[in-house]
Amino acid sequence: MLFFRKKHKVEEASASQLPVVEGPGYDDIPETKEGYDEERKVIVRLVGKRPEKKYQVTGIDDVASKNNWKAWLYLAPVIILLSVFSLYPLINTIFISITKNYSYIDGYGTGLTLDNFAIVLGLKSFVNQAGEMGRETNFVKFAIPNTLVITFVTVPLSIFLALIIAVALNSIKWFQKFLQTVFFLPYVTNGIAIGMVFAVIFDRQGIINNLFGVSVNWIQNAERWTAMIPLCIFIVWNSIPFKILILLSGLQGVDKQYYQAAQIDSASKGKVLRKITVPLLSPQILYLMITGFIGAFKEYNSIISIFGAPSTAGSGGASTEKNLLTVVYYVYDILENDSTTKIQYGAAGAVLLFAVILLFTLFQSKVSKKRVHY
Amino acid sequence: MAKEYINFSSEKMGPQITLSIKESGRTVEMIKRGEKIAKIISTTFTYIFILALALLVIFPFYWMIITSLKSLDEITGMSTGGYQTYFPQIVMWSNYVYVFQKFDFTTYMSNTIVVAIFSTLGTLLTTVFAAFAFARLNFKGRETVFMVFLMTMMIPGEMMVLSNYITVASFGWIDSENQTLIQAYACMIVPFWVSVFYIYLLRQNFKQIPNELYLAAKVDGKSDWHYLWKVMVPLCSPTLISITILKFMGTWNSYMWPQLVCKNEAYQLISNGLRGSSFTNADTGITEYGYRMAATVLVTVPLFLLFVFFRKYIMKGVGRAGIKG
């Protein structure tokens, strides 16, 4: 009933060329006088029902819809490479980490288990192929504490320093561009190369011991926590440029009016920094903190570049205590030295790292929706 | 005492009126001058502070260069009474000669350049194609595929290394005894042909190109393929340059993966060569720091040159990407 009534109305209102639908009850519709609005609504609905043209001249939608296969062709290389080198590894690593007695040669194990995680976390001892019991201590004893120390020392320190430098850089007039370039230099270096320079600087006969009149072993045969000092200094030095770049671009976007208002209120510089600059930069700082944490969890490159091996004793072979392992370095170390026997522990370590990073990334995307605008 | 805010310093009214606030006993002029002095002092302090930090930042580079020109005796303090010198007593250019003669600098360098060129070219191609598909073509499941792509960005590269090692080994590219140079190159190039982040970056850039250009190209009877290479790619060349440079830098810096997959030292990249054992004196076991630093300088200088010439692109790319390579 309703359908016909609408048709009828349109015919009256717009005198269009719509075919008159003959049907029962057509003449039974009472003439209604509901006013102009009612009629217009009906017309709009009808226009909406007009069949869309298959091919339009403008817009990109139509070109695409007839070229479906072409799009997939364009995407094919990426999809193939991504599935082979990103998605498959993800699944495979998780698979290896939960496989019992994974064999590196044929890629299968004897069943599923969570023991690998327990062994890596030091909760369980393992039995190797020779039937000997052993404990996998490197992860808990070295990898986790080292990673945590690196993370919680370098990230806040480098953000703090970068903030001060960025504010100072923003406030000066002469040589601003030049100094900005200087502070960016550590970024455009070969990490390995410059780490070795730090090894020379912190050498036993090096300039640091010389300046402070001490003879501490910072690198070779150093105590584990002493070795952390040059390591953290290097990481901070290396990570500051990126942070300055982000903070400086944030600062340049800040409205000058806030500072003028502060000047009228004769606020001190420290107060301006604490009450205006830092709050306004909070999106950038948050972003840097989260990317910084993720980056620090993955730290291993700086250890290679300064120490050359995951140990302050140098690469003395299997017997040396690997007291400078980090989580990622633990995985690499297994790949390099024990890929045939311990690969499932490496996989378990990698999965644990992935879980932590995933948590941080999700946290970031959640928070950034609310606060970060970049 | 009555507070006197306006001090008529002269009997004649007019321009001689000076405003003074008696409580602090200073005239406006004095306050202005004081502020000026304070500003000069604070600017000076800012400069001192920032220059000191800049020196700290540059110091490793300086130390790298002077150490590369020192003899081993001077580096260890043997010839200087245990003290470090801030300038080499005898400038040892021979350190550099050694690097070219004994250390296989050219081999490592050519490996690095070949790997960098081919992985960059591959990345550029896949990135352009994928970004084009996402930005200009409309197909079923586009948004879903794009979301999946973005999600792979969350997987840390370090996690994939373990499985990728097994994968390239199953391709037969890792053969401990007789791995060929081509296989080693394939290991170092092929897995790095895709970067989702660059696809994302370029897609955003492609989307900014107005539709009218596309329609104009269509009117001229050009195909999508033509449009992509003659219009879109040239328009987005700054982004592509950024991608190229960052990718090059990534190869320049990569260490762990070449170390794992190259079974022959002669196939490895420059970072591996630097860290390797070429600089350890076989007889005494002492590292020849002078030689090593000379090689370090030679590796660092090209990057610096790149930075000097492409500063804008690098800083822009880094600002958006925040990653190397």
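The values are calculated or read from the model by the stated rules, or taken from the named source; none is laboratory data. Remember, it's a predicted structure, so these values are computed and weren't measured experimentally. Glycine also receives a Cβ, built like all others from the backbone with ideal geometry; neighbour counts cover every protein chain displayed. With ligands, DNA and RNA removed, areas are computed over all heavy atoms of the protein, side chains included. Shrake-Rupley method; radii C 1.70, N 1.55, O 1.52, S 1.80 Å.
With the structure loaded, tell me whether residue B:212 is charged (D, E, K, R) and within 10 Å of another protein chain (Cβ to nearest Cβ) or whether it fails that test.
Numbers: charged (D, E, K, R): yes; within 10 Å of another protein chain (Cβ to nearest Cβ): yes.
Taking the combined requirement at face value, the residue satisfies it.
Which ranges mark the helices (runs of 4 or more DSSP H) fully within region B:163-256 that have 3 or more residues being of a type in the set (Val, Ile, Thr) and surrounded by 18 or more Cβ atoms within 10 Å (Cβ to Cβ)?
Of the helices (runs of 4 or more DSSP H) lying wholly inside region B:163-256, those with at least 3 residues that are of a type in the set (Val, Ile, Thr) and surrounded by 18 or more Cβ atoms within 10 Å (Cβ to Cβ) span B:237-253.
What helices (runs of 4 or more DSSP H), lying completely within region A:214-332, carry at least 3 residues that are hydroxyl-bearing (Ser, Thr, Tyr)?
Qualifying helices (runs of 4 or more DSSP H): A:224-252, A:282-297.
When residues of region B:73-97 are filtered for being among the hydroxyl-bearing types (Ser, Thr, Tyr) and surrounded by fewer than 14 Cβ atoms within 10 Å (Cβ to Cβ), how many remain?
2
Return the only residue of B:147, B:160, B:154 being assigned by TED's automatic domain parsing to the domain that holds residue B:268, in contact with a Pro (Cβ under 7 Å, 6 or more places away or on another chain) and hydrophobic (A, V, I, L, M, F, W, C). Quick ask: steps written out before the conclusion?
On the way: B:147 fails: in contact with a Pro (Cβ under 7 Å, 6 or more places away or on another chain); B:154 fails: in contact with a Pro (Cβ under 7 Å, 6 or more places away or on another chain).
Criteria check complete, one pass: B:160.
Pairs, please: C-beta under 8 Å, at least 6 apart or cross-chain, first residue of a type in the set (Phe, Trp, Tyr) and in region A:205-226, second part of a loop (DSSP other than H, G, I, E, B)?
A:218/A:202; A:218/A:203; A:218/A:204; A:218/A:206
Can you say whether residue B:214 is of a type in the set (Phe, Trp, Tyr) and under 30 Å from residue B:262 (Cα atoms), as far as the supplied structure shows?
Judged against the criteria, residue B:214 is not a match.
Could you please tell me which pairs satisfy a Cβ distance under 7 Å, a separation of 6+ or placement on different chains, a first residue in region A:76-105 that is within 13 Å of residue A:342 (Cα to Cα), and a second residue that is charged (D, E, K, R) and assigned to a helix (DSSP H, G or I)?
Once the first residue is within 13 Å of residue A:342 (Cα to Cα) and sits in region A:76-105, its partners that are charged (D, E, K, R) and assigned to a helix (DSSP H, G or I) give A:100/A:115.
Could you go through region A:212-224 and let me know if any residue there is aliphatic (A, V, I, L, M) and within 7 Å of chain B (Cβ to nearest Cβ).
Within region A:212-224, not a single residue is aliphatic (A, V, I, L, M) and within 7 Å of chain B (Cβ to nearest Cβ).
Looking only at region B:286-307, which residues are farther than 27 Å from residue A:178 by Cα and either of a type in the set (Val, Ile, Thr) or open to solvent by 50 Å² or more (accessible area, probe 1.4 Å) (or both)?
If the condition is that a residue be farther than 27 Å from residue A:178 by Cα and either of a type in the set (Val, Ile, Thr) or open to solvent by 50 Å² or more (accessible area, probe 1.4 Å) (or both), then B:286, B:287, B:291 are the ones that fit.
Matching residues to (1) in contact (Cβ under 8 Å) with a residue 12 or more places away in the chain; (2) within 30 Å of residue A:106 (Cβ to Cβ); (3) in contact with an Asp or Glu (Cβ under 7 Å, 6 or more places away or on another chain):
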| residue | (1), (2), (3) |
| --- | --- |
| B:165 | yes, yes, no |
| B:170 | no, yes, no |
| B:178 | no, yes, no |
| B:187 | yes, yes, no |
| B:197 | yes, no, no |
| B:206 | yes, no, no |
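Out of region A:333-357, which residues are polar (S, T, N, Q) and outside any helix (DSSP H, G or I)?
A:339, A:340, A:341
With B:234, B:238, B:302 as the choices, which residue is at pLDDT 90 or above, more than 9 Å from every other protein chain (Cβ to nearest Cβ) and over 30 Å from residue B:175 (Cβ atoms)?
Step by step, each of B:234, B:238, B:302 is checked, and only B:234 is at pLDDT 90 or above, more than 9 Å from every other protein chain (Cβ to nearest Cβ) and over 30 Å from residue B:175 (Cβ atoms).
Would you confirm whether any residue within region A:156-169 is open to solvent by 60 Å² or more (accessible area, probe 1.4 Å), within 14 Å of chain B (Cβ to nearest Cβ), hydrophobic (A, V, I, L, M, F, W, C) and closer than 30 Å to residue A:276 by Cα?
Checked region A:156-169: at least one residue is open to solvent by 60 Å² or more (accessible area, probe 1.4 Å), within 14 Å of chain B (Cβ to nearest Cβ), hydrophobic (A, V, I, L, M, F, W, C) and closer than 30 Å to residue A:276 by Cα.
Can you report the number of residues in region B:99-119 which are open to solvent by 10 Å² or more (accessible area, probe 1.4 Å) and touching a residue at least 60 places away in the same chain (Cβ under 8 Å)? Before you say what the answer is, go through the steps one by one.
Of all residues in region B:99-119, those open to solvent by 10 Å² or more (accessible area, probe 1.4 Å) come to B:100-102, B:104-110, B:113-114, B:117-118.
Retained after the next criterion (residues that are touching a residue at least 60 places away in the same chain (Cβ under 8 Å)): B:102, B:104-105, B:107-109, B:114, B:118.
Summing the residues that are open to solvent by 10 Å² or more (accessible area, probe 1.4 Å) and touching a residue at least 60 places away in the same chain (Cβ under 8 Å) in region B:99-119 gives 8.
Would you point out the residue of region A:329-345, among those that are closer than 20 Å to residue A:306 by Cα and among the charged types (D, E, K, R), that is nearest to the other protein chains (Cβ to nearest Cβ)?
A:336
If you go through region A:240-281, how many residues are at pLDDT 85 or above and small (Gly, Ala, Ser)?
4
Scan region A:73-96 for residues that are of a type outside the set (Val, Ile, Thr), farther than 17 Å from residue B:170 by Cβ and more than 7 Å from every other protein chain (Cβ to nearest Cβ) and jot them down.
A:73, A:76, listed by residue number.
Show the residue pairs that are 6+ apart or on different chains and have beta-carbon atoms under 7 Å apart, the first residue being within region B:31-56 and within 11 Å of another protein chain (Cβ to nearest Cβ), the second being open to solvent by 50 Å² or more (accessible area, probe 1.4 Å).
Close Cβ pairs satisfying both conditions: B:46/A:171.
Give the residues of region A:101-150 that are in contact with a helix residue (DSSP H, G or I) (Cβ under 6 Å, 6 or more places away or on another chain), surrounded by fewer than 19 Cβ atoms within 10 Å (Cβ to Cβ) and either within 14 Å of chain B (Cβ to nearest Cβ) or basic (Lys, Arg) (or both), sorted by residue number.
A:104, A:124
Does region A:185-208 contain any residue that is among the aliphatic types (A, V, I, L, M), in contact with a Leu (Cβ under 8 Å, 6 or more places away or on another chain) and under 30 Å from residue A:102 (Cα atoms)?
No, region A:185-208 has no match at all.
It is to be established whether one or more residues within region A:306-313 are open to solvent by 20 Å² or more (accessible area, probe 1.4 Å), at the interface with another protein chain (Cβ under 9 Å from one of its Cβ atoms) and among the aliphatic types (A, V, I, L, M).
The answer is no; no qualifying residue exists.
Please indicate, with yes or no, whether at least one residue in region A:309-323 is of a type outside the set (Gly, Ala, Ser) and modelled with pLDDT of 85 or more.
Looking through region A:309-323, none of the residues is of a type outside the set (Gly, Ala, Ser) and modelled with pLDDT of 85 or more.
Kindly establish whether residue B:255 is touching a residue at least 60 places away in the same chain (Cβ under 8 Å) and within 11 Å of chain A (Cβ to nearest Cβ).
In short, no.
Please determine, by comparing only the residues of region B:275-290 that are assigned to a helix (DSSP H, G or I) and without any contact (Cβ under 8 Å) to a residue 60 or more places away in the chain, which one is farthest from residue A:298 (Cα to Cα).
For region B:275-290, the residue satisfying everything is B:277.
Need the failing condition index for residue A:341 against (1) among the β-branched types (Val, Ile, Thr); (2) open to solvent by 20 Å² or more (accessible area, probe 1.4 Å); (3) within 18 Å of residue A:147 (Cβ to Cβ), just the number.
Here residue A:341 meets the rest and fails (3).
Is it the case, given these coordinates, that residue A:205 is at the interface with chain B (Cβ under 9 Å from one of its Cβ atoms), not in a helix (DSSP H, G or I) and not β-branched (Val, Ile, Thr)? Before the answer, list the steps.
On the way: at the interface with chain B (Cβ under 9 Å from one of its Cβ atoms): yes; not in a helix (DSSP H, G or I): yes; not β-branched (Val, Ile, Thr): yes.
Against the criterion (at the interface with chain B (Cβ under 9 Å from one of its Cβ atoms), not in a helix (DSSP H, G or I) and not β-branched (Val, Ile, Thr)), residue A:205 qualifies.
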